[in-house]
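The values are calculated or read from the model by the stated rules, or taken from the named source; none is laboratory data. Remember, predicted model here, so these are calculated numbers, not experimental data. Cβ sites come from the backbone with ideal geometry, for glycine too, and all protein chains shown count toward neighbours. SASA here: full protein model, heavy atoms, side chains in, ligands and nucleic acids out. Shrake-Rupley method; radii C 1.70, N 1.55, O 1.52, S 1.80 Å.
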Amino acid sequence: WDNADFSRGVGTTFYQEFPTLNTAKPPFVRDVEAKVRRYLRSSYSAAWTLKITWEKAPAYAARIDTRRTNTYQAVLTTDGFRSYVLMLYQEGGMQWDYTRLAATNVLIGYT
């Protein structure tokens, strides 16, 4: 995880909220529930989910290179008692030139 830089007008951030308490669940929320159940081997029924997408995000500082971008998502979900986050990355992995980033110990994901 590193800083994205949208100051050059490259890339976009989107979000979509899915309040699903007492409503029909769209396919996206059902997919999130299935992932949580599969990864954690427990029952889970989402009451609220938020999907945030960073599309074609250039690395900080964008003045260096706006051609190599990443698309990734964070999905936050809760049943009102337990909360989870799914971190999803574009197929093909990291596109930023990590040799030009300020941090030298680059990982994709979290620790």
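Just a few scattered comments:
- Relative packing of 67-73, 53-59, which averages over residues the other C-beta atoms within 10 Å, highest first: 53-59, 67-73
- Between Glu91 and Arg30, residue separation times 0.36 nm minus the direct Cα-Cα distance comes to 19.8 nm.
- Rg(Cα) / (2.2 N^0.38 Å) computed for the stretch 1-53, rounded to two decimals: 1.50
- Sulfur and carbon atoms: percent of accessible area, the stretch 12-100 [1.4 Å]: 53 percent
- Average accessible surface area per residue within the stretch 12-100, 1.4 Å rolling probe, Å²: 65 Å²
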